């Protein structure tokens, strides 16, 4: 009887563990395919929704994309001192034919000066009214993920970049950050610049309690109207009402 009882308990344990592993694998598969997300911000709490895109989304039908419960779109324009996103001109022209509020972003290079990066962005992105402020995307890439550049030097280049963009566009640029880049380069500085924070796992809270303006809550969204290397699209919310959003666009 003792041996049979042990065998029954062992079989039961194996079944339970196998079931848990299967459930875990299914959850991972659903997450990887964008069917479920860690975050799902309330539409009531965050009514203003948007996306950010680059050439990775390929050919975009903006008429189709814009009709899917989104209000704004950030479009990649430039990177470093010389790179221009190959789809920027098309995306900028056609997105601005829709009802979406548009904005352009620059991927910040730790290997170029703030001055030359600002020049690249300014010569690429038109200065037109009723668009979102320009964005500087500050995140670690390549070797800098393990060996981040020294804070004071990068902060100096960011400051030069921000000043040049604000002078040209008349708007306080937005700072797109991860929690790591925020804590290393932004915390305690650039207090008048809006923060766009990436956190695809939970609702963000900045370490110094500073209020964020935009939140990228998922990098596994799926919408209709684009076809490219990347099957997913980044999803974002604005931290406020629709009226506050339009006040931000007009008043920044």
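The values are calculated or read from the model by the stated rules, or taken from the named source; none is laboratory data. Every value quoted in this text rests on a predicted model; they were computed, and no experiment measured them. Neighbour counts are summed over all protein chains in view; Cβ atoms, including those assigned to glycine, are modelled from backbone coordinates with ideal geometry.
Could you identify the single residue in 205, 209 that is surrounded by fewer than 17 Cβ atoms within 10 Å (Cβ to Cβ) and on the phi > 0 side of the Ramachandran plot?
209
In the range 94-144, how many are in contact with a helix residue (DSSP H, G or I) (Cβ under 9 Å, 6 or more places away or on another chain), in a helix (DSSP H, G or I) and free of Cβ contacts under 8 Å to residues at least 40 places away in the same chain?
Adding up the residues that qualify gives 2.
Take residue 214 and decide whether it is closer than 15 Å to residue 173 by Cα, surrounded by 17 or more Cβ atoms within 10 Å (Cβ to Cβ), touching a residue at least 12 places away in the same chain (Cβ under 8 Å) and over 18 Å from the mean Cα position of the chain (by Cα).
It is false that residue 214 is closer than 15 Å to residue 173 by Cα, surrounded by 17 or more Cβ atoms within 10 Å (Cβ to Cβ), touching a residue at least 12 places away in the same chain (Cβ under 8 Å) and over 18 Å from the mean Cα position of the chain (by Cα).
Within the range 38-75, take every residue that is out of contact with any helix residue (DSSP H, G or I) (no Cβ under 9 Å at 6 or more places or on another chain) and assigned to a helix (DSSP H, G or I) and give me the one that is surrounded by the fewest Cβ atoms within 10 Å (Cβ to Cβ).
64
Return yes when residue 242 is in the same structural domain as residue 50 (by TED's automatic domain parsing) and without any contact (Cβ under 8 Å) to a residue 40 or more places away in the chain and no when it is not.
No.
Would you mind stating whether residue 78 is touching a residue at least 12 places away in the same chain (Cβ under 8 Å), buried (at least 17 other Cβ atoms within 10 Å of the Cβ), under 30 Å from residue 203 (Cβ atoms) and in contact with a strand residue (DSSP E or B) (Cβ under 9 Å, 6 or more places away or on another chain)?
Taking the combined requirement at face value, the residue does not satisfy it.
Can you name the residue in the range 218-231 that is touching a strand residue (DSSP E or B) at 6+ places or on another chain (Cβ under 6 Å) and not in a loop (DSSP other than H, G, I, E, B) and, of all such residues, is surrounded by the fewest Cβ atoms within 10 Å (Cβ to Cβ)?
227
Exactly one condition in (1) in a helix (DSSP H, G or I); (2) over 17 Å from residue 171 (Cβ atoms); (3) at pLDDT 95 or above is not met by residue 30; state its number.
With respect to (1) in a helix (DSSP H, G or I); (2) over 17 Å from residue 171 (Cβ atoms); (3) at pLDDT 95 or above, residue 30 is out only on (3).
Among the candidates 165, 206, single out the residue that is in a helix (DSSP H, G or I) and either touching a helix residue (DSSP H, G or I) at 6+ places or on another chain (Cβ under 7 Å) or under 20 Å from residue 237 (Cα atoms) (or both).
Within the list 165, 206, the selection yields 165.
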